[in-house]
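Report on the structure given below.
The values are calculated or read from the model by the stated rules, or taken from the named source; none is laboratory data. Predicted, not measured: the structure shown is a model, and the values here were computed from it. Here the Cβ positions follow ideal geometry from the backbone for every residue, glycine too, while neighbour counts run over all protein chains shown. Just so you know, the surface numbers come from the protein's heavy atoms only, side chains and all, with ligands and any DNA or RNA stripped out. Shrake-Rupley method; radii C 1.70, N 1.55, O 1.52, S 1.80 Å.
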Amino acid sequence: LMLLACAGQQLEVKPISKSENPQELINQLDNDIALAYKNQLNVLAPTWFGKSNSSLVAAKKGLEEGDQLSKILDDIATGRAQLVRAEEIARVSKTTLPNAIKARNLARDAGATTLGREYTDAEERFLKLTRAIENNDLNYAQRNQAGVAGGFRDLELRAIKVRTIGEVRRLIEDAEDKGLQKIAPQSYSAAEKKLAEADAFITQNPYQEEKMHRLAAEALFMAQRLHVIAEQSQKFKTMEP
């Protein structure tokens, strides 16, 4: 709460002496913003991080176009102050949203960013929480954290399944499109059973990687076997007795 009260105060911009080298100051702010991005301030305090980055861009442009030194230094000073505010907000976000942040990190580590629109939607819901914190609406962030965390956990599980049994699912779907379930019904049934077994295990044990990958490998073998047996069965139809 103290941090939130601090974050709600007027932005304190510390003036910079005109004896300072503007290029060096810009480089330092650039490095600080890059480090802040690495520390996820772009999502933990998106508005203030964005403002700081905009001030950096303005300072760079001013230096390139030969603006007055006072304006360039003002942009740098403002960018610094905005980044400090972003750091304050980020600390509040980490304290308020530990479950959502953890779930988001696990989903990203699992490869959920490749899931397209579904991941984008989850990310936007997360940003609503941190923007609410920036607007001192701590109640909204706390109230909606569980739903956002649950959404990221679902995406994490989906990403794990895509990574481990995605190729199996694709092969079985391809077999269905080609009608192979009619040509090699027993092999199709065996492949489907192995896929279901692997899928169910991953749902219940998403972090038991050794067994998860073993079951996925067995399912992949059966799915590939289905295609080979169906191909051989097709050849038998054209062979002479």
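Report the extension gain between LYS71 and ASP174 in nm, rounded to one decimal, defined as 0.36 nm multiplied by the number of residues separating them, less their alpha carbon distance.
Numbers: separation 103, 0.36 × 103 = 37.08 nm, distance 6.26 nm.
Residue separation times 0.36 nm, minus the Cα-Cα distance, leaves 30.8 nm.
Backbone N atoms of segment 103-127 closer than 20 Å to the 7 Å Cα→Cβ label point of GLN142 belong to residues 103, 126-127.
Rounded to the nearest whole Hz, the Karplus-based 3J(HN,Hα) values (6.51 cos²θ - 1.76 cosθ + 1.60, θ = phi - 60°) of segment 87-96 follow the sequence 5, 5, 5, 4, 5, 5, 4, 5, 6, 7, with x at glycine and proline.
Calculated [222 nm] ellipticity per residue, helices only, for the chain: -28000 deg cm²/dmol; basis is -39500 (n - 2.57) per DSSP H run with n ≥ 4, divided by all residues, nearest 500.
Given a cut-off of under 8 Å on Cα pairs at least six residues apart, what relative contact order in percent is computed for the chain? Could you put the intermediate results ahead of the total?
On the way: 264 pairs, mean separation 40.9, N = 241.
Once divided by the residue count of the chain, the mean separation gives 17 percent.
Stretching the chain fully between GLU218 and GLU20 yields a gain of 64.7 nm (0.36 nm per residue, less the alpha carbon separation). Residues in segment 175-191 carry Karplus couplings, in order, of 5, 5, 4, 8, x, 5, 5, 8, 7, 9, x, 5, 5, 5, 5, 5, 5 Hz; the curve used is 6.51 cos²θ - 1.76 cosθ + 1.60 with θ = phi - 60°, and Gly or Pro positions show x. As a fraction of the 1.4 Å probe accessible area of segment 119-203, surface on carbon and sulfur atoms comes out at 47 percent. Between ALA196 and ARG91, residue separation times 0.36 nm minus the direct Cα-Cα distance comes to 33.5 nm.
In the calculated pair-distance distribution of segment 176-241, the portion above 16 angstrom amounts to 52 percent of the Cα-Cα pairs. Note on the chain: along the principal axes its Cα atoms extend 96, 42, 27 Å, ordered by decreasing extent.
Across segment 54-172, C-alpha contacts under 8 Å between residues 6 or more apart give a mean separation that, scaled by the residue count, equals a relative contact order of 27 percent. Cα centroids of segment 187-206 and segment 99-117: how far apart, whole angstrom? One Cα centre to the other: 23 Å. Per residue, the accessible area of the chain comes to 58 Å², computed with a 1.4 Å probe over protein heavy atoms only. Our coupling estimate for segment 100-109, obtained by passing each phi through the Karplus curve with A = 6.51, B = -1.76, C = 1.60 and θ = phi - 60°, is 5, 5, 4, 4, 5, 5, 5, 5, 5, 5 Hz, Gly and Pro reported as x. Test of understanding: extend the Cα→C-beta vector of LEU35 to 7 Å, then name every residue of segment 53-91 with backbone N under 15 Å from that spot. It comes to 80-81, 83-88, nothing else.
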